[in-house]
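Chemist: The structure that follows is given in the form of structure tokens.
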Amino acid sequence: MFKKIGYLLLSMFIVFKHLFKRPVTLEYPEKKNIPPENFRGKPVVENCLGCGICLRVCPSGAITIDRENKLYKIDLKKCIFCGNCAYYCPHSAVKMSKEYELGVDNRENLVLSYPMGGADERN
Ligand code: SF4
Ligand code: SF4
């Protein structure tokens, strides 16, 4: 009997203790989380020279280079946000942005397409 009352008081104490603490969650989407400095969000590409190094280090085969249309494409359905493309790009053309709201209403919109800005044509 005393044991049960003890448990009851303990559980009430825990509930009241948390009533006055700040919540660990945010009222998303009204309030948004600020990602840390080393966060790896949506990869953004600018002034790619088409050397092809990132294609070799991408573990999921998410990157394609359309040389005919001079487009650099990243398929977010395959991308695992490892950051290898940004890390190994010798021209610092890829940056892992802090953007994390990547939901779309059409699968085709998950393929990011960036204009290429260089003349290096190696494969
Ligand atoms: S972040 Fe990783 S998985 Fe995504 S495109 Fe770059 S190398 Fe590929
Ligand atoms: S310049 Fe950078 S982003 Fe462009 S293909 Fe080479 S490694 Fe990839």
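No lab work stands behind these numbers, since they all come straight from the coordinates. Small disclaimer: the values here were computed from a predicted structure and weren't measured. Cβ coordinates were reconstructed from backbone atoms using ideal geometry, including for glycine residues, and neighbour counts include every protein chain displayed.
Chemist: Just how many pairs of Lys in the chain have C-alpha atoms closer than 17 Å, counting pairs that are eight or more places apart or on different chains?
Modeler: Lysine pairs, 8 or more places apart or on different chains, close enough: 9.
Chemist: 222 nm [θ] for the chain, helices only, -39500 (n - 2.57) per DSSP H run of 4+, per residue, to 500? Working shown, then result.
Modeler: Working: 3 runs with 28 residues, N = 123.
So the calculated ellipticity at 222 nm is -6500 deg cm²/dmol.
Chemist: Principal axis extents for the stretch 2-115, Cα atoms only, whole Å, descending order, please.
Modeler: 79, 29, 21
Chemist: Based on other C-beta atoms within 10 Å, arrange Phe81, Phe16 from fewest to most.
Modeler: Exposure proxy ranking, most exposed first: Phe16, Phe81.
Chemist: Given R₀ = 22 Å, what would the calculated FRET efficiency be for Ile34 paired with Ser97, taking r from the Cβ atoms and rounding to 0.05?
Modeler: Step by step, r from the Cβ atoms, then E = 0.95.
Chemist: Compute the acute angle (0 to 90°) between the alpha-carbon long axis of helix 2-19 and the principal axis of greatest extent of the alpha-carbon atoms of the chain; round to the nearest 10°.
Modeler: Tilt relative to the chain: about 50 degrees.
Chemist: Hey, if you put +1 on the Cβ of every Lys and Arg and -1 on every Asp and Glu Cβ in the chain, which of Thr25, Leu112, Ile14 ends up farthest toward the positive end of that dipole?
Modeler: Ile14
Chemist: Here's something else I'd like to know. Under a point-charge model restricted to the Cβ atoms of Lys and Arg (+1) and Asp and Glu (-1), what is the dipole moment magnitude of the stretch 41-123 relative to its Cα centre, in debye to the nearest 20?
Modeler: My answer is approximately 220 debye.
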